[in-house]
Each structure stands twice: as structure tokens, then as C-alpha cells.
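Just below is one structure, and these are the notes that go with it.
The values are calculated or read from the model by the stated rules, or taken from the named source; none is laboratory data. What you are looking at is a predicted structure, and each value in this text was computed from that prediction instead of being measured. Quick reminder, even Gly has a Cβ in these numbers, built from the backbone with ideal geometry, and neighbours come from all protein chains shown.
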């Protein structure tokens, strides 16, 4: 069954008005018609079976039954990711969504390429939000991954979101003594927040600043992984250890 997202404010009783983007996809790409049943996600765990009833500029649907899924994880995982080049960041956003990561924060670090530009960064963020929604539809995730605006590394390491995690881990290729198995068990933490760098990794100054802010450096093993591989490997391993996979 086809899946679509709607905003809670676009619901009135059992009637839902879908966004212009979702409406265009329904009408012009999928060419669905009134009477077709679809699945709607409200972004807060609600999964609704609905019937398409009006095919205007804003498609309208009538909810016929509802269920709730994706209960919040007891130990949520958040990822701070140094910005990656090109479409690689798109892949990280997509796969972290599929892996059940609760939140992802894109970070500007000293070795990121390029400079911040408000208009370009806004467009990137909008594209990543669309990727999150599409990944949720593909994997049946009822609550989208939280995607922060791009922020500076030194702001993030002391941010309220990071402090709330309880366990803060920075994966660093120069760490040769501590690995994840040395930290088991992990499920006693209120949450886990991990940091991974861009293609050039973190600088020694950034690592020192993170350690001063209470982050622990951890190794992913002997192999040198591509930046996106390291992020997805770390997220998958941690989700397994936390009982989310």
C-alpha cells in the first residue's frame, strides 16, 4: 500500500489534506484515483488507513482506521555528523533514518570543505527532510528521524541535546586503546550520542575540546573506513547493542 505523510494541523476530524508535494506525487506520478486506499503517517507514531476522496491541488483523504507504532526507544541514539561532500551526506541521512537513529545533527568542522551559505544550506536541509520522509515510507518508520539545522562542532559538543544523552562517544581513527566492547553494557545510559567526522576526520584540537566537554574517544577497529561507512557501521553496531535491531 502506498504511504504518505501529513501534518497534524492538516487533519480535521477524519479528513486529511495532503501537502502540495504529496498531492502532486499522488495525482501526476502515481496517477492514483479517488477510492484508492493508502497509508498515512502523522509523524507522531500514528499509522492510518485512508481512502482518497478528492483529487484537487490538495488531495484529501478520509481516515477509516488507525494504529500506533514505533514506541520511543528506551535508549535513543543521536548522531553528530561532520558534513560530507556531494551526495554522500544524503546517503548518511537516508540510512540513519532506516537504522532507527532518533536524531542527526549535521556539523561544520575544521576539515569540512566549503563555507556556509544560508540559501544553499537551507536548500540542503529541505532536501534532507524529504530524504527522511522517503526513507520512512520505505522502511515503515512511523516517527521521522529528527534532523537538526547545520551547526558548529564546538556548539554541538556542549549542546543540551548532547548533554541529555548521558553517554557521549567520539569515533576517532587515532584512538587505539578503547573500543565499544570496553564500554559494555550501554543500555544503562539515558541515551547515546555519537560524533563522526568528515572525510578528513577530526583535528586534534577538536578532539581535545570534545574530551574537555566530557566526550569519550572510541575506535571502530583497525581498518580505515570511508567517512560514510564509519557512520553507518557505528550506528548499526550501537543500535544492535541497544536492542533496537
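Here are the numbers for this structure:
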{"quantity": "Given (1) under 30 Å from residue 195 (Cα atoms); (2) in contact with a helix residue (DSSP H, G or I) (Cβ under 8 Å, 6 or more places away or on another chain); (3) free of Cβ contacts under 8 Å to residues at least 60 places away in the same chain, index of the condition residue 57 fails", "calculated": "(1)"}
{"quantity": "Check on residue 34, loosely packed, with under 14 Cβ neighbours inside 10 Å and at pLDDT 90 or above", "calculated": "yes"}
{"quantity": "Pick from the stretch 134-152, criterion surrounded by 16 or more Cβ atoms within 10 Å (Cβ to Cβ) and modelled with pLDDT of 90 or more, ranking: farthest from residue 93 (Cα to Cα)", "calculated": "150"}
{"quantity": "Checklist (1) modelled with pLDDT under 90; (2) assigned to a strand (DSSP E or B); (3) loosely packed, with under 13 Cβ neighbours inside 10 Å applied to residue 47, failing item", "calculated": "(3)"}
{"quantity": "Residues (in contact with a helix residue (DSSP H, G or I) (Cβ under 7 Å, 6 or more places away or on another chain) and either surrounded by fewer than 16 Cβ atoms within 10 Å (Cβ to Cβ) or not assigned by TED's automatic domain parsing to the domain that holds residue 109 (or both)) located in the stretch 210-236", "calculated": "none"}
{"quantity": "Test result for residue 77, buried (at least 16 other Cβ atoms within 10 Å of the Cβ) and closer than 22 Å to residue 199 by Cβ", "calculated": "no"}
{"quantity": "Residue check for residue 91: under 15 Å from residue 227 (Cβ atoms) and out of contact with any strand residue (DSSP E or B) (no Cβ under 8 Å at 6 or more places or on another chain)", "calculated": "yes"}
{"quantity": "Matching residues in the stretch 153-164 - criterion: being in contact with a strand residue (DSSP E or B) (Cβ under 8 Å, 6 or more places away or on another chain) and surrounded by fewer than 21 Cβ atoms within 10 Å (Cβ to Cβ)", "calculated": "159, 161, 164"}
{"quantity": "Some residue of the stretch 21-31 being modelled with pLDDT under 90, under 25 Å from the mean Cα position of the chain (by Cα) and in a strand (DSSP E or B)", "calculated": "no"}
{"quantity": "Which numbered condition residue 174 misses (of (1) exposed (fewer than 15 other Cβ atoms within 10 Å of the Cβ); (2) closer than 21 Å to residue 96 by Cβ; (3) in contact with a helix residue (DSSP H, G or I) (Cβ under 8 Å, 6 or more places away or on another chain))", "calculated": "(2)"}
{"quantity": "Enumeration of residues in the stretch 186-212 that are over 14 Å from residue 110 (Cα atoms) and more than 24 Å from the chain's Cα centre (by Cα)", "calculated": "211, 212"}
{"quantity": "Odd one out for residue 39, checked against (1) outside the structural domain of residue 167 (by TED's automatic domain parsing); (2) not in a strand (DSSP E or B)", "calculated": "(2)"}
{"quantity": "Per-region count, the stretch 115-139, residues without any contact (Cβ under 8 Å) to a residue 12 or more places away in the chain and part of a loop (DSSP other than H, G, I, E, B)", "calculated": "2"}
